[in-house]
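Every number here is computed from the coordinates shown, using simple stated rules; none is lab data. Just so we're clear, the structure is a prediction, and the values are computed from it rather than from any experiment. Positions of Cβ are backbone-derived with ideal geometry, glycine not excepted, and every protein chain shown enters the neighbour counts.
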Amino acid sequence: MSNKIKNLTLKIWRQLGPTTKGSFETYKVAEISDEASFLEMLDYLNERLISEGKTAIVFDHDCREGICGTCSLMINGQAHGPQQGGATCQLHMRKFSDGDNIVIEPFRAAAFPIVRDLMVDRSKFDRIIESGGFITAPTGGAPDGNLIAIPKPVSDAAMDSAQCIGCGACVAACPNGAASLFTAAKVAHLNRLPQGQPERFKRVESMVETMDLYFGSCTNHGECQGACPKEISVDVIALLNKDYRKAKFASRKDLAR
Amino acid sequence: MTQATSSHRSPVTGTAVASKRRRLFLLDLYSTAVGKKYVMAITGIALMGFVLTHMIGNLKMYLGASELNHYARFLEELFYPIAPHGVALWILRGGLLAMLVLHLHAAYSLTVLNRRARPVKYQSARDFQIATFASRTMRWSGMIALAFITWHLLDLTFGVVNENVGAKDAEGLKDVYGNVVFSLQRVPVAIFYVIANVLLGIHLFHGAWSIFQSLGWNNPRFNKLRRSFATAFAAIIVIGNVSFPVAVLAGVVGN
Amino acid sequence: MSLTVDLLEQNTVNLNSKIPLGSIEDKWDNYKADMKLVNPGNKRKFKVIVVGTGLAGASAAATLAELGYQVDSFTFHDSPRRAHSIAAQGGINAAKNYQGDGDSVNRLFYDTVKGGDFRSRESNVHRLAQVSVNIIDQMVAQGVPFAREYGGLLDNRSFGGAQVSRTFYARGQTGQQLLLGAYQQLARQIGLGGVRLFNRTEFLDVVTVDGRAAGIVVRDLVTGEIESHAAHAVVLATGGYGNVFFLSTNAMSSNVTAAWRAHRKGALFANPCFTQIHPTCIPQSDEFQSKLTLMSESLRNDGRVWVPNNPNETRPPHEIAESERDYYLERLYPSYGNLAARDVSSRAAKRLVDKGQGIGPLKNGVYLDFSEVITRLGREVVQERYGNLFEMYERIAGENPYEVPMRIYPASHYTMGGLWVDYELQTNIPGLYAAGEANFSDHGANRLGASALMQGLADGYFVLPYTIGNELAPMLGKTIPGVEHPEFKKAEQAAREKYDNYLNIKGSRSPDWFHRELGKIIWGRCGMERDEQGLKQALSDLPALHEEFKTDLNVTGDGTSLNQTLEKAGRVDDFFELGMLMCRDALERRESCGTHFRTEHQTDDGEAKRDDQNYCHVSAWQWGGDAMTPNLNIEPLEFEAAHLATRSYK
Ligand SMILES: Cc1cc2nc3c(=O)[nH]c(=O)nc-3n(C[C@H](O)[C@H](O)[C@H](O)COP(=O)(O)OP(=O)(O)OC[C@H]3O[C@@H](n4cnc5c(N)ncnc54)[C@H](O)[C@@H]3O)c2cc1C
Ligand code: HEM
Ligand code: SF4
Ligand code: FES
């Protein structure tokens, strides 16, 4: 197996807080092995910074296996870096070559203020979910799990969009800073299921309207789909748009009543 | 060393209880980005319909002056005698103008929204994976198309920049054919015409695909066809429209 | 006389497990029939703090808020959805018997007790099995897209340690889907104002006034501010401590701080040495490795495990002839072969690697070879079964498992030990509860696959909401100490000093360096196999290293803005003290049971030898003022419904 050793030049964004001015700093790292993950390469750099008495670079991460959605980073102009269908934590150094220059920036969007260095605050996603990304089913009242048969294709389709890890790469990659893919993925998950029907229209209305408070609009660039570590398709955005239209008509009927 | 970067934070709660303002249905729909995209798409379709018919009508040019001028006359007399002379055409024009204005307003407000959504740009070069040149330049291609439409109206409808406008042909009809030939024989005008139409084609290359998404028309059965439709539509418009200045300059039309 | 009886007399704390009366099937019903209730209108007069938003914390916070309690929810994550529960892959058990294969509450109960090698509390486990069925209903109602059959009904798979198919799953992302379900329920309550969420806020200490939990002290990770919150009850649902090994399959930020701080305030810590090692993880590739990745155990259904006979083997695997390979699981356990139980196959791998027969660049793994099945069934079939896993492996290891055998090695995965709790999930500090992986209650000395998710949700959805009410009802109308109480101020001050101190040491080693070294000791001495000598060695090495930590730690940056190095320092500090307790516990438990394998106590063929005469008890440790001087308390375990039997894999 190859265990090539690499020397790299990193340009990393450093910024103290949401309102302070940031800038790129250049770091050279030597002897990075192919086996290392991208984040381990940053750990390694941080170890060195600490030993030099400098403040470590702040970046978000947790599970390091592509499921928690905590890691982020724009790497060479791509959200989650040069790899399809994976999060930054799943990126390995064998994707890079000796002598490469790597530019690392935080995800940028008005809704994702920088907390520090490469860490951003993605809690606006939570606001969208809080506004309607759920099924109202208080604990205790649920009927038997097999009471409603759900056709496998329906359940599978719901699962496809339920896989979203809430990483925010879609927003970061979108030239408009739109959160359509994230919002639509949740709408598509819940609105496809029989359990989601009672709140179907209310859900999509509130979620779209909350999304509007913080994010840009969808021009159907499709860039979100390219950046999404779960490869969620923009098809869900069409579903969001359709349900939103239907919701508006439905709520007009409600008003008339 | 450094100061605290943020002051006391408060807990998150009650985020979804704000009461909603009720508006008139259409205004309500238009108040969100998704609603605005519906307007973009519907007005876009109307404009596409216009661009297509306009191009097809103009193909009459290749059948000679008389055919084209009669066609122009037909448009003026549309629905005559139910509608008085020229009225139906003005209604159509009014409708189109309304479509254009709505399209523009939506485009403008969405652009503002999008700018606000990312006030600090990426400080390093982006490497786009899927977004096309067409999709990223909608507002520029649209703006040049708008400039072109304005010029086009001043040129061929109002005659402000076209001395031939007002002339009659041998049959006593408005000499539309002559107007076109006069206009497009000016090389700079012809070049502008070609550039604007190529950009319109680029606008449509993305726009004619995008409408399906915006309107929620998504179905595995026809999804593959959406891209082909948009490419074909844009190509037809560009080839048709660009052929006119080329034909005029090459002397195929106008002799 | 047994040791259990002797030890019981030396208890320093009166441990009352509050097991309700009645037959095992009736206990939970009897409890519910007798418990005190808070009337709906009065519930909002009570404030409950829930720390942690994993399956246990999110489900508890959401349910308590739905009932009407004022709930404050805390997590150090940026969003509740990021809790480590998100990473669980395999599935969740429930005694639904949807497959009609003879499953029942009693069978799930028995399997779980037996899987835990008879070191768990019967009554708690039986209740877990009872409410397991409600969990599935609740999660389906919540919109969790569990796998389904073509007819539209829920699908099940079978999992280790059970002879029935009772595991519900959502592709390989069951934990994610369940957590999102609970998170969404919590999000709804946050939206409605029923829950106040404090994100990026780390719990540092529990405050007790007159022996009762009065609230907590937290640190805002963004601003470094330390502040207090008072409440009528505090729930710790803060996950497990598998990261004490440094390398584990746990998320990077999983830690023991919450449980440990509570322990230092008087809560007993039970069975700390019961930690589970998972046999199929991708081995460490270099010194800088930060965590290990689990590969689903299902791979062992078709892969064959082997190592080369020759410890000095240097050839690539395909050049090693069949006769020069040792298919050791097939050789040692002919009837189970490659499917031998988790701990058994983990230990077998360790022994060979220790003998120098390990493979890979660091000689720290064993092969899991698919060439036989690929030849037999074709690549297509294998791809269909394991495509995703192969892809994931290739992404991490950079080798294609269709062509080169996978390299695997065991890794720390789950911790059965945790805060001691009674039947009500209350610790020995009144008003302080522990739920999910943070408590010790249900898995004994070994946890069966797919039962941690079940336990987290059972605790949060169906146990705490009742038991907390029972505790709070008598408190109606009584005032509780506020954050101005001197005990709060004292705890805040201590926390401030603790963090200032880390910043002021200005030594030469980073917290990560110490964590790595700590991990090596624990993994080496208190990992898959333990012995007296090693444990004693660890108990002398650990305090020395901890001393070095206290004098040579280097934390850069400051304490008034977000500082991940500082956060890490606090967590590593607590891991040190926990590590000492783990080794002590492992040393004092002179038997082998479940995952706790003392080499001195094994049968002739290398199986764990339990000692029910002397160790059929829970070891619940009390903080003795210093990490090296804990006081042992025991809770004897009685088995009435599930009869003590030897776990056998033969
Ligand atoms: C890779 C992997 C796969 C697994 N697969 C399965 C499986 O298939 N089936 C199964 O049943 N189990 C599985 N498990 C085990 C299971 O996932 C966990 O035991 C379970 O999810 C724990 O849930 P929890 O709610 O107790 O804690 P967690 O989900 O760990 O949540 C802990 C919470 O506490 C918070 N917290 C912790 N400390 C503090 C503090 N000091 N201050 C503030 N907040 C704090 C965290 O922010 C987090 O919100 C797996 C585990 C791993 C590692
Ligand atoms: C002949 C005239 C025009 C036609 C046929 C046309 C057609 C379209 C179509 C079909 C779309 C796609 C709508 C959707 O995604 O739902 C679109 C989008 C757009 N158009 Fe036009 N358009 C025309 C003129 C203009 C003009 C004059 C502008 C001026 C700026 C403009 C700006 C835009 C922009 C910015 C978008 C993208 C909006 C978004 O997705 O956010 N268009 N157009
Ligand atoms: S849709 Fe994809 S890119 Fe967007 S938050 Fe979800 S997982 Fe991330
Ligand atoms: S760290 Fe969890 S997805 Fe990357």
Computed, not fitted: 222 nm per-residue ellipticity of chain C from DSSP H runs ≥ 4 (each -39500 (n - 2.57)), nearest 500, equal to -11500 deg cm²/dmol
Within the protein assembly as shown, percent of DSSP bridges classed antiparallel, to nearest 5 | 70 percent
Shielding by partners, peptide C:555-568 (average Cβ within 10 angstrom, other chains) | 6
Once amide hydrogens are built 1.01 Å from N within the peptide plane, the residues lying 5 or more places from residue C:196 or on another chain with amide H under 5 Å from its amide H are C:71, C:72, C:73
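Order the peptides C:562-574, C:270-282 from the highest to the lowest mean number of other Cβ atoms within 10 Å of their residues. Write down the numbers at each step before the final one.
On the way: C:562-574: 22.5, C:270-282: 26.0.
So the peptides C:562-574, C:270-282, ranked by packing, come out C:270-282, C:562-574.
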Peptide A:199-210: average number of partner chain Cβ atoms within 10 Å per residue?
-> 2
Can you give the Rg and Dmax of chain C based on its C-alpha atoms, in angstrom?
-> 24.1, 78
Convex hull of Cα atoms in chain A, direction-averaged projection (nm²) | 17.5 nm²
Cα atoms only, chain B: Rg and Dmax in Å?
-> 23.5, 89
By counting other Cβ atoms within 10 Å of each Cβ, how are B:124, B:243 ranked from fewest to most?
-> B:124, B:243
Distance in nm between label sites at residue C:18 and residue B:130, each 7 Å beyond Cα in the beta-carbon direction?
-> 5.3 nm
Considering Cα pairs under 8 angstrom that are at least six residues apart, work out the relative contact order of chain C and quote it in whole percent.
-> 21 percent
Measure nothing fancy, just the Cα-based angle from helix C:174-192's long axis to the longest principal axis of chain C, in degrees from 0 to 90, nearest 10.
-> 20 degrees
Which helices, taking whole DSSP H runs in chain B, have alpha carbons extending 30 angstrom or more along the helix axis plus mean Kyte-Doolittle at least -0.5?
-> B:33-58, B:87-117, B:187-214, B:223-250
Distance histogram for the range C:335-454 (every C-alpha pair counted, 10 angstrom bins, percent rounded to whole numbers) = 11, 28, 29, 18, 11, 3, 0
Sorted from largest down, what three extents in whole angstroms do the Cα atoms of the range A:42-118 have along their principal axes?
-> 36, 34, 23
Per 10 Å bin from zero, what fraction in whole % of the C-alpha pairs of the protein assembly as shown is there, up to the bin with the longest pair?
-> 2, 9, 17, 21, 19, 13, 7, 5, 3, 2, 1, 0, 0
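Counting only trypsin sites (Lys or Arg not before Pro) that are in a DSSP loop and have at most 16 other C-beta atoms within 10 Å, tell me the longest site-free stretch of chain B. Display every interim value, and only then the final one.
Numbers: sites that count: B:9, B:20, B:21, B:22, B:23, B:121, B:221.
The reported range is B:122-220.
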Of the beta bridges DSSP finds with both residues in chain A, what % are antiparallel, to the nearest 5?
-> 75 percent
Taking only C-alpha pairs under 8 Å that are 6+ residues apart, what is the relative contact order of the range C:279-405 in percent?
-> 28 percent
Could you pull the Rg and Dmax for the range C:279-405, using just the Cα atoms, both in Å?
-> 14.0, 39
Give the calculated FRET efficiency between residue A:156 and residue B:171 to the nearest 0.05, with a Förster radius of 60 Å applied to their Cβ-Cβ distance.
-> 0.35
At 0.36 nm per residue, minus the direct Cα-Cα distance, what do residue C:30 and residue C:339 gain on full extension? Give it in nm, one decimal, please.
-> 107.1 nm
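With a 10 Å radius around each residue's Cβ, average the other Cβ atoms per peptide and rank A:192-201, C:132-141, highest first.
Highest-to-lowest ranking by the protection proxy: C:132-141, A:192-201.
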Could you grab the relative contact order for chain A? Cα pairs under 8 Å, six or more apart, rounded to a whole percent.
-> 19 percent
Provide a whole-number value for the mean count of partner chain Cβ atoms within 10 Å of the Cβ atoms in peptide A:151-162.
-> 5
